[in-house]
1. Take every Cα pair under 8 Å in chain A that's 6+ residues apart, average their separations, divide by the length, and report that relative contact order as a whole percent.
2. If B:ILE126, B:ILE92 are ordered by their accessible area, calculated over protein heavy atoms with a 1.4 Å probe, which sequence runs from highest to lowest?
3. Summing both sides, how much accessible area is buried between B and A? Use a 1.4 Å probe and give Å² to the nearest 100.
4. Do any residues of region A:180-198 lose at least 40 Å² of accessible area when the full set of protein chains is present rather than just their chain alone, and if so which, with a 1.4 Å probe?
5. Give the average over all directions of the projected area of the C-alpha convex hull of chain A, one decimal, in nm².
6. Just need the Rg to Rh number for region A:594-662, please, alpha carbons only, Kirkwood Rh.
7. Compute the accessible area per residue over the protein assembly as shown, keeping the other protein chains in place, probe 1.4 Å, unit Å².
8. For region A:362-453, build the convex hull from the C-alpha positions and give me its volume per residue in Å³.
Amino acid sequence: MHEVLLKRSSIRVTCRRGALIGPQRHHRGVTAITLLCTIVVGASAGAAPPQLLLERYCFSCHDRETAEAGLNLEGLTAVADRPSSLQLWEAVFDRVERLEMPPADAEQPTPEERAVFLSLLEVDLRTESLARQAREGRGPVRRLTRTEYENTINDLLSIKVSVRNLFPDDAVTAGFDKVGEGLTMSASHFEGYQAAADKAVTEAMAAIPFKPLSYSLDGVGVYKTRSDNFKSFGSVVENDLFLLTSRLFYPYTAILSPWAPRGGRYRVRVTAQARNNDGKPVPIGFGVHSHWLYKPDAPELSDWRDIPEDAPRTVTVDIDLMTEQQVHAFGPTLWQRDYVAPKYRKGEAWDKSTLAISQFEVEGPIRADGTLEKWPPESYRVLFDDLPLELLSKVTGKQPASGGHDPRVPVSKNAREDAARLVRRFLPKAFRRPVPDGLVAEYVGRAHTALEVGVPFHEAMRDTYKAILCSPHFLLLQETPGPLDSHAIASRMAYFLWNGPPDDHLLAAADRGDLTSPEGRHAQVERMLADPRAVRFERSFTDQWLDLQRIEATSPDDKLYPEFDDALRLSCLEETRLFFHELLSRDLSLLEGIQSDWTFLNEPLAALYGLSEMRGHELHRAALPADSRRGGFLTQASILKVTADGANTSPILRGKWVTERILGVAPPAPPEDVAEIEPDIRGAITIREQLAKHRSTEACASCHKVIDPPGFALESFDVIGGWRDHYRVPHSTGAVVEIPRIKRRVHRGPAVEHGYFMPDGRPFADVNEYKRFLLEDPDGLATALAAKLLAYATGVPVQFADREDIAEIVTQIRGKGYGVRSLVHAVVESRPFLHK
Amino acid sequence: MRVNLRTPLSRRLLLKQGAVALALPALNAMLPRAATAAAASHGPMRLVLIARNLGMHAPFLFPETPGLAYESTRYLRHLEPNRGRFTLFSGISHPHYHNHHSEPGLFTAVHWDRIKEPTRQHHNSISLDQHVADRLGADTRFRNLVIGSPVQWHFSWSAKGVPVPTERQPTKVFQRLFIDGSPEEVRKEVERLKTGRSILDQVAEQARDLSRWLGPEDRRRLDLMFGAVRETEQALLRNESWATTPKPNIAVAAPPADPANENLIDREKLWFDIVRLALQTDSTRVILLTMGDSGRAKLDGLTLAHHDASHHGKDETKIEQLAIIEETELAQFSRFLSSMDEVQDGNATLLDRTVVLNASNLGNASAHTCKNLPIFLAGGGFDHQGHVLHDRENNTPLANLFVRMLHQLGVEEDRFGESTGVIDEV
């Protein structure tokens, strides 16, 4: 043991071999900061021990008195059992490693000094982080998120109900709603769990018999469903064809299916041909219609297809409906805004673009195997197997209230045995693991007790199933510190790749022990990614990682961006989702997420991007011209929109977004004493001028050096993702910007400067050159995405000890061209994924 | 006691009645149970918190002159009928607060560090309404209400940093407050609550078992869960005891439908009416009402969405648009105060017995600053001062006003959140 005593403000710094940080000590009645640190004397000639380095290079700002940016390294007593101080030391490590600290204008350590400091701190941070993980696991035991909960009861019971709104919003921690630290539980959760379980079990018992929907109409048949409405708005019948006109009169001119008899997946099939559209296809849109009273600005639209002019086309779309919802289909001015759409007076003939519909079919609910659901449905068999159903009036001997339904309920000749058998069968699926006899007995006992006091069989079982769905074994993901058992691995894989519970196959694989081998896991991951449920992962991950969930958070200013409409909003979202799906399904390089020579486009996107004209609204993968500034996520309209406001863009917000989400670096919050930059869109002063003033402060400069380059690289794009050479302003300047697609013009403001400087001072002329700089560090980009996926997959943000594992993941996928699917496999094989 | 649903009035008529023309039975006759005696001379104290999240255009709002004789401003002229019944504070804010996502702190007044990362808001603490409900909420059908639409933000928080969900459908709130179920529905409800409690017993038992094989950190979390289970049981027990007590008869038809979000005037009016009726019938004594919409309201001359107009970037036409919205909101608020003042409560008015705070977490939304918040304190029997001017550079903590409000509500505590003292001008 080597001990150095330093006197500074009566503080003792004790160093000993083993750890730079460690338990706090009290020394001779004085609270000492006890930096217990590894000193390898003479390891590097002339290098000073870390505490001397801290004192020499850091304390002039970060000592007890000054505590610049609120950081008092002198007082940071590095207490091992306080996670917060570990996090601070991690931040110290990162900023010193990235050469951000000490700041440029302060005295700099020699490269050797920096290296020694970092290597010692690294060893200690890792040791401490690993020790904590071994004790407690990487993160706390966590409950299901409300999305996971909803998917779980729907998958488990083979039903489709919406229950997420019965719970408070889940807190988002470190970018993801899955992070356990934020998933607290309150009384409102338990009230919600009961209400949700009640709703789910009721739906699953399907007490009212239903017939599946199998609906098929020809053109005349469609017209007859609501001929008065249709006629008033120019939608008429010609020969056998129904001519569908504008959606602007929604919902009068929408085709509506009958109400869904039951929640589930419905298949819509339409045969139609377009007319009067200058040879271009006309889109037909599909969505969910819930109630007549509410007339939104735009109908809900979940999918759309192009109908060509030259020949009829049959299109098929699957839509999820809850009970008492309808499919609506509409066109052809699907998304046009009022001033673009043709003018029409009620009762007039419609001579604009039209959809001539010859067939309209809806059927469902459709089961996973593609067949039509029948009564009693699959969900009934999950809960009651093959037990017969009987009219409730016969069970109770009481007639239902007049006009009321007489529901059918399960009955049993051997109620006790059946109760035991059904509960025993259901529990392992509900709890996602084998269930010990004691716990089975608890629930069987619950059912038996009810039966003994005369509760009818169906009521006793309903109550028992509800109780099971409120159990902590159902609500919590059960993991114990150390390596996960195979059932915990199954759940992790399922909530990662399906955002829902493991299915029978996966549970069976866990039972067999398949999931303890890399080959077994690999096979399951491949199977799971090929399953339709994988869409939930793609949606949920991109919604959160790329912030796509904010796509409607602000609506672009009508006056400044008149070309923004629903077509663009939905198309840009679709572009990003398809793009991610393409990376994942084809194992394309994650570097294509920075720069690609292809993307997914349709007519409105191609127009927004200034590309040659495309026809139709369906998105297709398309090659981009060599000089295009598109390709990769950063320059997709969706990303540029979610990082902007309705009228303003801010290089600060966009820069922060890119550094956090793409580069994987979280810039600290701005110091509190710095004056705000108040946006000024009048055009007299540019954001660059405002920021230049701002950056002259040293406190600001160290972070802005990092966040400004991406911010200014993206400043070339407006709030809806269009390229701009000039800002748009709300008042006349004598100059205008033309918007050819909609033949409108807006006032032109000052010119936009396109280039900027990288943190190291190298200039870039535009976003393409900026992207090339980013691609110089493929490992860094891979590290960032791996960290996001790992946090999402495990519900725990990356900790210091995980850095080595992430480096390992990156090494593995480097050999596989940085493929995104390979990355998913590597995450599943990583130590953090396979340990609590 | 049933509300007559046979002849539903048009909403316009209903709202009109609700505001002025409604012939109310003597208030005491409607007070259930224990409340009646207490209310005979001194009605219970109540709290209404109104939250908005887009600030208010300061140059149009704040006068320069302090005191009751403040010079009226473009905005304050809408509150002229209630001069003397409220105090507008300037120079008040939560220290260090900054930007949107300061919503969670508006009524919790925790240190900014605890919530400044939008991703770590579970470090938030109890909000004023919940804190007060713990003390005033025992005797009424509802411990408190968290209502309003259509804002997505959470202003009401439990002590463990869990947001309390907002009920966003006025029709449902109205039904829960005033419309009795059929005897069969009541029986089922009681049954459901009993089953609920027995399920919770089992959950608690299992949580205890589980925590035996967990590490200390996870045990702490299970303890929290255990606490939440107990809290739920108490809530179910309370509901059970009220389930068979008829709801107050208010002789007002239920609103036929939820007003659309864009229908700002009807929507806010309906919420204000529900607040007043809930207090008047002593169904609850603590209400947090969230108002405001970032979308586009249907108002004469308005073409911008509220969020866009509030982020005006100093553009004058946008500021004028913003003023259309804010003036409408203040006029609604003023009508609410008047309507509360028209209800007699013992020897005072309902307004006198209700501490009303109307606040926003943003000062200037265009700059995203949280200084110089628009803070109206109304009713509650305060010695109102019209306009109280604090230092606009070095703001006084809003929590100091919360402490003053607690005192007025009979809660003798000298701290709340990050308070540093108590505001004593009112």
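The values are calculated or read from the model by the stated rules, or taken from the named source; none is laboratory data. Just so you know, these numbers come straight off a predicted model, no measurement behind them. Ideal geometry is used to build each Cβ from the backbone, glycine not excepted, and the neighbour counts take in all protein chains shown. We work out accessible area using only protein heavy atoms, side chains counted, and drop any ligands, DNA or RNA first. Shrake-Rupley method; radii C 1.70, N 1.55, O 1.52, S 1.80 Å.
1. Value for chain A: 11 percent.
2. In descending accessible area the options line up as B:ILE126, B:ILE92.
3. 5000 Å²
4. For region A:180-198, once contacts with the other chains are taken into account, A:GLU181, A:THR184, A:MET185, A:ALA187, A:PHE190, A:GLU191, A:GLN194 lose 40 Å² or more.
5. 42.7 nm²
6. That ratio is 1.00, to two decimals.
7. Per-residue value: 40 Å².
8. Hull volume over Cα atoms, normalised by residue count, gives 136 Å³.
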